[in-house]
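**Q** Right, I'll just put the structure down here and ask away after.
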Amino acid sequence: MRRRRGRTWRRSRAWSRWRRWSVELSVTGAPRPVSAGEALAAYRVVQEALTNIVKHASGASASVVVHYGDDELRVEVTDTGGRPTGEGCSGRGLLGLRERLAVYGGTLRAGPLLSADGYRVSAVIPLGAS
């Protein structure tokens, strides 16, 4: 255990898995301010996708691409495939993301890569619609 700012943090197996993989971040387009809701929706897409990689594709590397378009924000998380961890899933994470994005007129696509091992989660969030 370590203490940090008055809290005790236990290193778990999940923490160990997070430390053994790499994530590459790429930001394209002209970054600009977005609403708090749009930013949170984009953050949650990345959070859920990376969590799913840790849970379901042990040893995979990941890339996160954030693209600022003229009227939309695109977020894409792709992994290289990995070993199944055997952890069960409720299947509610991606459903919850679709619902969150729908509030802002956004869409979510998720599925296996066609040309290689791995999985991709891609979201489009219209900017300024909220």
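The values are calculated or read from the model by the stated rules, or taken from the named source; none is laboratory data. Model, not experiment: these values are computed from the prediction. All accessible areas refer to the heavy atoms of the entire protein, side chains included, with ligands and DNA or RNA removed. Shrake-Rupley method; radii C 1.70, N 1.55, O 1.52, S 1.80 Å.
**Q** How do S115, S61, S22 stack up against each other in accessible area, from largest to smallest, with a 1.4 angstrom probe?
**A** In descending accessible area the options line up as S115, S22, S61.
**Q** Can you work out the Karplus-derived ³J(HN,Hα) for every residue in the stretch 107-122? Use 6.51 cos²θ - 1.76 cosθ + 1.60 with θ = phi - 60°, whole Hz, and x for glycine or proline.
**A** Karplus-based 3J(HN,Hα) across the stretch 107-122 equals 10, 9, 10, 8, x, x, 6, 7, 9, 7, 5, x, 9, 10, 10, 10 Hz.
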